[in-house]
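**Student:** One structure, as structure tokens, below. Some questions next.
The values are calculated or read from the model by the stated rules, or taken from the named source; none is laboratory data. Please read all numbers here as calculations on a predicted model, not as lab measurements. For neighbour counting, all protein chains shown are included, and Cβ atoms are generated from backbone atoms with ideal geometry for every residue, glycine included.
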Amino acid sequence: FWRESMDSDAPTLSRYVMSQTKDSELVLLLNALATSFKLIASAVRRAGVAQLYGLAGEVNSTGDDQKKLDIMSNDMMINALINSGVCSILVSEENEEPIIVPVDKAGKFCVAFDPLDGSSNIDCNVSVGTIFSVFEKKDGVVEDLLRSGEECICAGYCAYSSAVELVFTFKDSTVEGFCLDPTIGEFVHTRFNMQFPADGGKRIYSCNEGNFIHWDQPIKDAVDAFKNGIEGKPYSARYVGSMVADIHRTLLYGGIYIYPADKKSPKGKLRMLYEGIPMALIIEQAGGIASTGYFNGKIGEVSKLTPDAIHCKCPIIMGGHRDVGVVYDCYKKAGVEV
Ligand code: P6P
């Protein structure tokens, strides 16, 4: 009995990564990322008692007021990645300019990340997360990150909530989930080959309806369809306003997440490199769809977009065939080729 009291064979993140690749630098990269997620989780946990709520008095690349936790989380990721010795270029939502790793510590990866996405929610204890995407260096210049999502070698997010949960995927591989076990300080494998619910899952639509007046007609028609219920089946509205929370729920429960291009945000609001592309890789490799909706004159796929600047934006419509199909039907009715 006593031997079952502890897992003497814990399926840790490092063990999983080493089982998937012989590239020791990739193992080092994931370890450095995991270390930063543990540090951020600790800072988020302590925010209330360590006076980490509130503004830091600066603004970021998005023009958002930076929270103390934004800056602390950003420092934690930058320091962990620079000292991993396997990165050359870092792009953070919190930094207008890319971070060029000193040559003596430079390696073959380029990493784009939003260290604490949804941090406008942090002061009211709503869950937040880190989102990241990884590319291989070409020339060691920032243009190495201005590549199609199809060249992304791995991507994922870490949710800081009731559990600290890392969900990530290697390109052309499965989506795996790891929970931080605080008793051993390791991410352990808890979800295997995550799949978007085949039937579309729960009928949930997730969008900021405060933008309704700015949307194009097909998006308005699709959201109205969800509101009115489809084939007599009602939908629920769920919108946290933290992308990691909204996407994680959509991946696990089903439904659709919509942040379209509109009159207010002609390129969408979310960032391509460290929100759109990583989430698209996760959703697609879990069997879902990550569409841009009508963007650049056509209906496209987020994972096939190429950023023209490190902080450029993209529209995002993510879900299963059932609900994304409702959006597509509305575009077809408007005469758009889908
Ligand atoms: P809105 C948070 O600022 C964020 O980048 C995502 O985490 C979230 O999904 C979205 O923006 C919320 O945007 O316009 O609805 O407040």
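**Student:** Name every residue in segment 260-270 that is of a type in the set (A, V, I, L, M) and within 12 Å of the ligand (Cβ to nearest atom), in order of residue number.
**Tutor:** Of everything in segment 260-270, just one residue is of a type in the set (A, V, I, L, M) and within 12 Å of the ligand (Cβ to nearest atom), namely Leu270.
**Student:** Which of the residues belonging to segment 138-184 are over 21 Å from Ser36 (Cα atoms) and either in contact with a His (Cβ under 7 Å, 6 or more places away or on another chain) or of a type in the set (Lys, Arg) (or both)?
**Tutor:** Hits for segment 138-184 are Lys138, Arg147, Lys171.
**Student:** Those residues that are buried (at least 19 other Cβ atoms within 10 Å of the Cβ) and either at pLDDT 95 or above or more than 16 Å from the ligand (Cβ to nearest atom) (or both), I need them from segment 101-126; list them, please.
**Tutor:** Within segment 101-126, Val101, Phe109, Cys110, Val111, Ala112, Phe113, Asp114, Pro115, Leu116, Asp117 qualify.
**Student:** Evaluate segment 51-68: report whether one residue or more is hydroxyl-bearing (Ser, Thr, Tyr), surrounded by fewer than 16 Cβ atoms within 10 Å (Cβ to Cβ) and either assigned to a helix (DSSP H, G or I) or in contact with a Leu (Cβ under 9 Å, 6 or more places away or on another chain) (or both).
**Tutor:** yes
**Student:** Quick one: is Leu145 away from the ligand (no atom under 16 Å from the Cβ), farther than 23 Å from Ile99 by Cα and not charged (D, E, K, R)?
**Tutor:** No; evaluated as a whole, the condition is false for this residue.
**Student:** Looking at segment 273-285 only, could you name the residues that are within 13 Å of the ligand (Cβ to nearest atom) and either without any contact (Cβ under 8 Å) to a residue 60 or more places away in the chain or over 12 Å from Ser92 (Cα atoms) (or both)?
**Tutor:** Gly276, Pro278, Met279
**Student:** Another one. State yes or no: is Ile131 away from the ligand (no atom under 16 Å from the Cβ), in contact (Cβ under 8 Å) with a residue 40 or more places away in the chain, touching a Pro at 6+ places or on another chain (Cβ under 8 Å) and assigned to a strand (DSSP E or B)?
**Tutor:** Criteria not met by Ile131.
**Student:** Mind checking which residues of segment 250-287 are more than 12 Å from the chain's Cα centre (by Cα) and basic (Lys, Arg)?
**Tutor:** Lys263, Lys264, Lys267, Lys269
**Student:** Shifting gears a bit: Any residue in segment 113-127 that's under 13 Å from Arg271 (Cα atoms): show its pairings with residues that are part of a strand (DSSP E or B) and near the ligand (Cβ under 10 Å from one of its atoms) at Cβ separation under 7 Å, as long as the two are six or more apart or on different chains.
**Tutor:** Short answer, once both residue conditions are applied: Phe113/Ile131; Asp114/Ile131; Asp114/Arg271; Asp117/Val128; Asp117/Gly129; Asp117/Ile131; Gly118/Val128; Gly118/Gly129.
**Student:** Considering Ser73, Ser120, Ser84, which residue is part of a loop (DSSP other than H, G, I, E, B), of a type in the set (S, T, N, Q), in contact with an Asp or Glu (Cβ under 9 Å, 6 or more places away or on another chain) and over 17 Å from Cys152 (Cβ atoms)?
**Tutor:** When all the criteria are applied, what remains is Ser84.
**Student:** Still on this structure, I have one more. Looking at segment 73-100, which of its residues are away from the ligand (no atom under 16 Å from the Cβ) and either under 22 Å from Phe170 (Cα atoms) or modelled with pLDDT under 95 (or both)?
**Tutor:** Met77, Ile78, Ala80, Leu81, Ile82, Ser84, Gly85, Val86, Cys87, Ser88, Ile89, Leu90
**Student:** Do you know which residues across segment 180-228 are within 16 Å of the ligand (Cβ to nearest atom), surrounded by 13 or more Cβ atoms within 10 Å (Cβ to Cβ) and not in a loop (DSSP other than H, G, I, E, B)?
**Tutor:** Ile204, Tyr205, Ser206, Glu209, Asn211, Phe212, His214, Ile219, Val223
**Student:** Just one of Tyr257, Tyr239, Tyr253 is more than 19 Å from Glu150 (Cα to Cα) and away from the ligand (no atom under 15 Å from the Cβ); which is it?
**Tutor:** That would be Tyr253, the only listed residue that is more than 19 Å from Glu150 (Cα to Cα) and away from the ligand (no atom under 15 Å from the Cβ).
**Student:** Out of the residues in segment 202-231 that are out of contact with any Lys or Arg (no Cβ under 8 Å at 6 or more places or on another chain) and of a type in the set (S, T, N, Q), which is nearest to Ala245 (Cα to Cα)?
**Tutor:** Asn208
**Student:** I've got another one for you. Scanning for something part of a helix (DSSP H, G or I) and surrounded by 21 or more Cβ atoms within 10 Å (Cβ to Cβ), does segment 151-169 turn up at least one residue?
**Tutor:** no
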